[in-house]
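Readers should treat all values here as calculations from the given coordinates under stated rules, not as data from a laboratory. Every value quoted in this text rests on a predicted model; they were computed, and no experiment measured them. Here the Cβ is made from the backbone with ideal geometry for all residues, glycine too, and neighbour counts use every protein chain on show.
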Amino acid sequence: MKIPHLLAISSPEVRAGSAWRQWCSDLAAAGVDGLQVRRKDCTDRDLLALAAEARVSTAATVTLLVNARPDIALAADADGVQLPAQGLPVTRVRATFDHLSANSFLVGRSTHSPDEVRLARDQGADFALFGPLFETPSKAGRIAPRGLVALSEAVSCGLPVLALGGIDGENAPQALDAGAWGIAAIRWFENPLARRSDYAALLLRWRQP
């Protein structure tokens, strides 16, 4: 399964059910090619339900990832796992889950510095999320924005890097100009059908020779 260029991350309050399934379906209809199921304060059963419903509701063109839990990703027939910066070692996940998945099992790592991107590359990650790139409420007072210069350095490590943090339709092109493989966000994907044209404009940049 391909590494996505547009990665929607589920909101912290998401619950399984019709609204969740509709949002997942809308992502696919809007041309979004990646979804990360992320919810920290729920049971394993509830996380599996979210991932399983997302798998059914998204098109085959949507790369489905589960945050932090490769076991639940495998159980939900997801395409891979997104490992937090302080999460499981990439090498152990790769060694354990590659042979269990019927298809190629993607392993992403969340990073906050170019050095962490290099380490993820050396450990065998398929891609890295890098951020926060810009100011974002979820990281306010905890992690300073990394900025475009740091993003360019991260990209130079040779691993596909998706920019994360404070991304919207106006500043997303700046991340791409800095060499980002793609964009990851929560708020920018909250109403995907309303932003279909914005996504299409970005995807066109990757399709051009």
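Taking Cα centre as origin and charging only the Cβ of basic (Lys, Arg, +1) and acidic (Asp, Glu, -1) residues, the dipole magnitude of the chain rounds to 100 debye. When the Cα positions of Leu64, Pro84, His99 are compared along the charge dipole of the chain, His99 comes out farthest toward the positive end, with charges on each C-beta of Lys, Arg, Asp and Glu. Counting only the Cα atoms, the chain fills a convex hull of 116 Å³ per residue.
Computed from backbone phi, the HN-Hα couplings of the stretch 85-90 come to 4, 9, x, 4, x, 4 Hz, rounded to whole numbers (Karplus: 6.51 cos²θ - 1.76 cosθ + 1.60, θ = phi - 60°; Gly and Pro given as x). Amide H contacts of Val66: Val37, Gly80, Val81, Gln82, each under 5 Å away and 5 or more positions distant or on a separate chain (H built 1.01 Å from N in the peptide plane; Pro and chain starts excluded). Of the three principal axes defined by the Cα atoms of the stretch 1-114, the extents in descending order read 36, 31, 28 Å. Among the trypsin sites (Lys or Arg not before Pro) in the stretch 1-86, those located in a DSSP loop and surrounded by at most 15 other Cβ atoms within 10 Å of their own Cβ are Lys2, Arg15, Lys40. Under 20 Å from a point placed 7 Å out from the Cα of Ala60 along the Cα-to-Cβ direction: which residues of the stretch 78-94 have their backbone N that close? Answer for the stretch 78-94: 78-80. Using the Cβ-Cβ distance between Gln86 and Glu135 with R0 set to 25 Å, the FRET efficiency works out to roughly 0.65.
Evaluated at q = 0.13, 0.17, 0.23, 0.27 Å⁻¹, a Debye calculation over the C-alpha positions of the stretch 16-78 (equal weights, vacuum) places log10 I(q)/I(0) at -0.28, -0.49, -0.88, -1.18. Sorting the segments 85-93, 184-192, 161-169 by their mean number of nearby beta carbons within 10 angstrom, highest to lowest, gives 161-169, 184-192, 85-93. Along the positive direction of the dipole of the chain (beta-carbon charges: Lys, Arg +1; Asp, Glu -1; about the Cα centre), which of Ser11, Ala201, Ala163 reaches farthest? Among Ser11, Ala201, Ala163, the one farthest towards the positive end of the dipole of the chain is Ser11.
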